[in-house]
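A.B. asks: Handing you this structure, nothing more for now.
The values are calculated or read from the model by the stated rules, or taken from the named source; none is laboratory data. Treat the numbers as computed from the prediction; the structure is a model and nothing was measured. Please note: Cβ atoms are built from the backbone with ideal geometry, for glycine as well, and neighbour counts cover all protein chains shown.
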C-alpha cells in the first residue's frame, strides 16, 4: 500500500455490495411482478408517452389516435389536439333537439424545409360517425375566432385551427377524415362503442 493511502475495510465493501445486490433483486422482482400482472405495459406506455416526442403515424392506412400527428404524402402533418362535444352555443343559434355542435382543434404543420406554401381548406376535413352520416366542416350559421377556412402554410410553419361540425346527438365513434389529393387520413375522435 502506498504511503499515506487509506485502506478501506473489507467489511464496508462487502456491505455496499450486498446492499446493491438486494436493491437490484428488489427492482427485478417488482418488474417481473408488474409484467405478470399486466400493469407493466400500461406503466411503460404512460412513461414513454410522457417523455418521448410525438412521432407521426406514417402508415397512411392506419387510423391516427388523438394528439398524435398524421403525415400526408405532400409534407403536411395534422394533429388533432382536442374535440369538444357538445360545443356550448352562445347567441341566438337554435339547433334541432336531435343535433349538436362539436369543435375539433387541429394543428397543421408544413414539414418541408423548402418549396412553396401548402394549401389547406376546411373542405379537406369531414367527420363521420358509426351511424354512417358524413358531416361537413363549419356550418354557415356559426363563426368563431381561429376557424379554419383556407390556410397557406410556408415550409417549416404550423398553425392551430378550429373546425366546427353540426352532428346528430346520437352519433358515436366519430372520426375525422382529412383528404389530401387522392389519399384520405383517418383520425380517431372517439372510441367506437
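A.B. asks: Could you grab me the full set of residues in segment 162-187 that are closer than 18 Å to residue 109 by Cβ and surrounded by 21 or more Cβ atoms within 10 Å (Cβ to Cβ)?
C.D. replies: 163, 176, 178, 185, 187 - these are the residues of segment 162-187 that are closer than 18 Å to residue 109 by Cβ and surrounded by 21 or more Cβ atoms within 10 Å (Cβ to Cβ).
Results for (1) over 23 Å from residue 96 (Cα atoms); (2) touching a strand residue (DSSP E or B) at 6+ places or on another chain (Cβ under 9 Å), shown as yes or no for each residue.
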site: 151; (1), (2): yes, yes
site: 167; (1), (2): no, yes
site: 174; (1), (2): no, yes
site: 181; (1), (2): yes, no
site: 185; (1), (2): yes, yes
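A.B. asks: Among the residues of segment 65-105, count how many are over 13 Å from residue 180 (Cβ atoms) and part of a strand (DSSP E or B).
C.D. replies: 14
A.B. asks: Would you be able to tell me the number of residues in segment 63-80 that are under 17 Å from residue 127 (Cα atoms) and either surrounded by 18 or more Cβ atoms within 10 Å (Cβ to Cβ) or touching a residue at least 24 places away in the same chain (Cβ under 8 Å) (or both)?
C.D. replies: Restricting attention to segment 63-80, the residues satisfying the condition of being under 17 Å from residue 127 (Cα atoms) are 63-67, 70, 78-80.
Those still in the list that are either surrounded by 18 or more Cβ atoms within 10 Å (Cβ to Cβ) or touching a residue at least 24 places away in the same chain (Cβ under 8 Å) (or both) too: 63-66, 70, 78-80.
Qualifying residue count for the region: 8.
A.B. asks: Another question about this same structure. Within the set of pairs 6 or more residues apart or between chains, which connect a residue that is under 10 Å from residue 163 (Cα atoms) and not assigned by TED's automatic domain parsing to the domain that holds residue 91 inside segment 132-143 to a residue that is surrounded by 11 or more Cβ atoms within 10 Å (Cβ to Cβ) and at pLDDT 90 or above with Cβ atoms less than 6 Å apart?
C.D. replies: none
A.B. asks: Of the conditions (1) more than 26 Å from residue 143 (Cβ to Cβ); (2) at pLDDT 60 or above, residue 5 fails just one. Which one is it?
C.D. replies: (2)
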